[in-house]
Amino acid sequence: MAMTDNTATGPEAAHGRPAVDFDAIVIGAGFGGVRMMYEFQKRGITAKLFEAGSNVGGTWYWNRYPGARTDSESWVYVLTFLEEIDMGWKWKERFPTQPEVEQYFNRVVDHLDLRKDMEFNTRVTAAHRDETNNIWKVTTSKGSTYTCTFLITATGPLATPLKPPFPGLNSFKGEWYVTGLWPKHKVDFAGKRVAVIGTGATSVQMVPLIAHTAKSLTVFQRTPSCVLPARNHPLTDHQQAELQRDCLNMFQRVRTSVFGMDFQDPRYRFTDLKSDSEAQRVLEYGWETGGFRFIFQTFADMLTNKECNDLAAEFIRSKIRSIVKDQETAELLCPYYPVLAKRPPLGHYYYEAFNRDNVKLVDIKNNPIKEITPTGLRTGTTEYEFDMIIYALGFDAITGTLAQIDLRGSQGQDLGKQLHERMATAYGIMVENFPNLFMMTGPQSPFANIPVVVDQTADWIGRTILYMRDHGHARMDTKKETADTWREKVNAVFNATVLPQGAKDTNSWFVGANVEGKPIEPLLWLGGVGPYVQECEREINNDFPGFRFSSSSQLENGQSSTGTTTSDGTRESRL
Ligand code: NAP
């Protein structure tokens with residue numbers, strides 16, 4: 001491992017091994033990549049980051065559609081290491097907009113001087129394991145190849161937009177856009193007949209905004225979302241001062257929380273309530289408080305008690321019926337599945353938009369889109385004319401982006417294929433057959449506020465690499481049983497909720513059900529950030545019982561990754 005010395009005179013060269021270009025290569029400049037680069041800089045590990053876009057931001061670079069803003073409250077949507085750098089950043093609103101988050105990214109990267117080690121407009125197309133030399137060979141879209149000891153995928157959980165699958169797509173003569181690849185130029189809706197296909201979190205954010213200027217807006221819905229009111233508001237100076245004062249405590253709270261957000265504990269267990277009116281009062285409180293607090297600050301057992309979840313779902317339906325004037329439209333908007341079986345979007349007057357004369361909802365569950373035509377689209381029964389079509393169809397989540405890279409392991413295994421055949425990872429971070437590969441927000445990592453998750457993962461990877469250096473380890477592998485056990489835990493936690501059947505039935509992306517042929521199983525750990533942190537810490541504190549290490553000399557002697565663990569959990573040799 002070169003560790004800031006990547007010349008041929010570095011320690012690797014002394015062992016007759018080739019020097020690497022970088023200790024580590026990071027793929028992607030979203031939250032995960034930026035946080036990882038800071039970790040490497042802090043720890044004196046040389047690193048290079050490649051990013052397909054022309055700037056930092058990841059999700060917040062690509063998803064610049066109108067209305068895009070976070071669903072996490074701004075005060076927890078930060079890289080919590082900022083406690084160390086006092087950047088003086090102040091968010092303007094409870095849920096910041098895409099431009100503000102993009103600005104935040106640029107401020108962080110410039111403040112920390114991370115840009116010098118980032119190459120933009122450069123997609124990593126392949127990363128192959130060279131077992132002989134214990135390195136990764138990384139190829140980019142520019143045709144360059146670089147070597148590194150550690151490879152970090154920070155490709156983001158929702159980074160591969162689904163392509164519109166409709167026949168005749170390119171025949172359309174008007175404007176059309178895919179939300180996850182939104183252009184940088186201003187898109188003008190004024191006076192236009194606009195179609196939005198899809199009603200997930202992305203569409204829910206766009207619809208109320210487009211409605212203001214479009215001549216007409218037609219929303220094509222297959223499955224209705226469970227839209228929770230965001231109740232966004234500007235942050236006053238007083239609120240900001242309080243947040244600033246409390247931020248260190250808050251960062252600590254989110255690390256031990258369930259979803260990486262600073263929520264109060266749920267008020268009740270459903271089973272403890274004595275009457276329906278009491279339950280309604282609790283749900284009303286959640287609805288008024290806004291955002292995900294409806295789920296996480298109301299009933300502790302909303303995700304595990306069917307009766308409780310059913311009541312919450314009915315409560316939401318009653319709200320839709322009371323907001324939307326036209327009862328036929330209201331009924332079409334009503335979700336009939338467990339709350340959180342599909343990731344609930346936060347609405348900024350979404351349901352209210354359907355009360356406008358220029359907004360119309362069309363059901364395509366029972367009458368699907370047959371084709372895109374030069375002038376619009378056609379369902380089984382009706383022909384529609386539009387000036388603009390917007391596809392908000394979602395993403396091939398988590399594994400989809402990994403599978404797009406030609407990522408080959410020790411024996412040439414294909415990462416995407418391996419995960420497709422058997423989703424088993426060590427804590428969402430490492431995979432069998434892929435030594436020295438670390439994933440940020442990988443499959444089976446926590447379903448939680450992303451900045452908090454990547455903060456934990458980057459810290460873990462940084463400490464792990466230093467541990468390797470301190471112990472003379474050159475290679476790290478997960479043990480098969482570690483990944484198998486984690487897979488079992490991830491599945492067990494999910495299966496203990498009321499969500500599995502509903503998630504499958506509603507094409508939920510977090511179980512892979514929105515992509516044809518993708519195995520249906522939880523892509524994320526629902527057991528909470530706090531317990532996840534504990535699991536990862538246990539590995540570090542106990543000298544990594546779940547992993548195998550090999551030293552350079554072992555590798556040279558052909559003893560590739562033969563380190564074993566004794567029954568008491570300590571390794572036989574310190575290598
Ligand atoms: P999504 O939730 O997966 O929604 C995609 C929509 O497109 C669904 O309504 C889906 O219908 C529809 N659809 C897909 N293929 C279709 C087809 N062939 N024909 C007709 N309809 C089709 O995607 P998303 O809205 O982009 O959101 C994905 C995730 O991104 C969210 O759950 C969230 O985690 C994240 N996100 C976050 C934010 C934020 O935090 N601010 C904002 C936006 C997105 P079905 O449901 O019937 O499949």
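The values are calculated or read from the model by the stated rules, or taken from the named source; none is laboratory data. Bear in mind the structure is a predicted one, so any value in this text is a computation, not a measurement. No Cβ is skipped: glycine too gets one built from the backbone with ideal geometry, and neighbour counts run over all protein chains shown. To get the accessible areas, we keep the full protein, side chains included, count just its heavy atoms, and leave off ligands, DNA and RNA. Shrake-Rupley method; radii C 1.70, N 1.55, O 1.52, S 1.80 Å.
Measuring how big the chain is from its alpha-carbon positions, Rg and Dmax come out at 24.5, 76 Å. When nucleic acids and ligands are ignored and a 1.4 Å probe is applied, Arg463 ends up with an accessible area of around 70 Å². Remark: C-alpha extents of the stretch 422-490 on the principal axes read 34, 27, 15 Å, sorted largest to smallest. Annotation: Val187 carries an accessible surface of approximately 20 Å², with a 1.4 Å probe and no ligand, DNA or RNA atoms counted. Projecting the Cα atoms of Met388, Asn433, Ala47 onto the charge dipole of the chain (Cβ charges, centred on the Cα centre) puts Met388 farthest toward the positive pole. Looking at the chain, send over the antiparallel percent of its DSSP beta bridges, to the nearest 5. DSSP beta bridges in the chain are roughly 40 percent antiparallel. The heavy atoms of Lys342 offer some 40 square angstrom of accessible surface to a 1.4 angstrom probe.
3J(HN,Hα) along the stretch 501-516, derived from phi through the Karplus expression 6.51 cos²θ - 1.76 cosθ + 1.60 where θ = phi - 60°, amounts to 5, x, 4, 5, 5, 9, 6, 5, 5, 6, 10, x, 7, 8, 10, 4 Hz, with x in place of Gly and Pro. Packing around the peptides 403-411, 233-241, taken as the average count of other Cβ atoms within 10 Å per residue, puts them in this order, highest first: 403-411, 233-241. Between the Cα long axis of helix 31-43 and the first principal axis of the chain there is an angle of about 30°, rounded to the nearest 10. If you sort Trp486, Trp89 by accessible surface, 1.4 Å probe, largest first, the order is Trp89, Trp486. The convex hull drawn around the Cα atoms of the stretch 291-382, when projected onto a plane and averaged over every direction, covers 7.5 nm².
What does the C-alpha gyration tensor say about the overall shape of the stretch 27-81? Classify as rounded when a/c is under 1.5, otherwise prolate if a/b is larger than b/c, or oblate. Judged from the Cα gyration tensor, the stretch 27-81 comes out oblate (a/c at least 1.5, b/c at or above a/b).
Projecting the Cα atoms of Gln280, Gly198, Ser552 onto the charge dipole of the chain, computed from C-beta unit charges around the Cα centre, puts Gly198 farthest toward the positive end. Residue farthest toward the positive end of the dipole of the chain, with Cβ of Lys/Arg at +1 and Asp/Glu at -1: which of Gln264, Asn541, Val178? Of the options given, the answer is Val178. Computed from phi, the 3J(HN,Hα) profile of the stretch 160-169 under the Karplus parametrisation 6.51, -1.76, 1.60 (θ = phi - 60°) reads 10, x, 6, 6, x, x, 7, x, x, 3 Hz, with x in place of Gly and Pro. Histogrammed with a bin width of 5 Å, the alpha carbon distances of the stretch 135-224 distribute as 3, 9, 16, 19, 15, 10, 7, 7, 8, 5, 2, 0 percent, first bin at zero. Within the shell defined by Cβ-Cβ distances under 15 Å, the residues around Thr213 carry a net charge of +1, with Lys and Arg each +1 and Asp and Glu each -1.
The 1.4 Å probe gives accessible areas that order Asp455, Asp387, Asp470, largest first, as Asp470, Asp387, Asp455. Put simply, the convex hull of the Cα atoms in the stretch 63-211 casts, on average, a shadow of 13.1 nm². Carbon-plus-sulfur accessible fraction, the stretch 291-344 (probe radius 1.4 Å, protein heavy atoms only): 53%.
Nonpolar atom fraction for the stretch 131-174, defined as the carbon and sulfur part of the 1.4 Å probe accessible area, stands at 55 percent. The C-alpha atoms of the chain define a longest principal axis, and helix 480-495 lies at about 20 degrees to it.
On a 26 Å Cα-Cα criterion, which of the cross-link pairs Lys274/Lys319; Lys184/Lys365; Lys42/Lys116 come out too long? Result: Lys184/Lys365 exceed 26 Å. Relative to the longest principal axis of the Cα atoms of the chain, the long axis of helix 450-470 lies at roughly 0 degrees. So what does the Cα-only Debye profile of the stretch 431-561 read at q = 0.14, 0.19, 0.20 Å⁻¹, as log10 I(q)/I(0), no solvent term? Log10 I(q)/I(0), no solvent term: -0.70, -1.12, -1.20. Projected onto their three principal axes, the Cα atoms of the stretch 216-273 cover extents of 46, 39, 22 Å, largest first. Partner aspartates and glutamates whose Cα lies under 14 Å from the Cα of Lys325, excluding those fewer than 8 positions away in the same chain, are identified as Glu352, Asp357.
On a per residue basis, the chain carries 40 Å² of accessible surface, using protein heavy atoms and a 1.4 Å probe.
Would you list which aspartates and glutamates come within 20 Å of Lys186, measuring only between C-alpha atoms, while excluding same-chain residues fewer than 8 positions from it? Reachable aspartates and glutamates: Glu100, Glu102, Glu175, Asp387. Quick check: from the Cα gyration tensor, does the stretch 508-560 come out rounded (a/c under 1.5), prolate or oblate? Note, shape of the stretch 508-560 comes out oblate.
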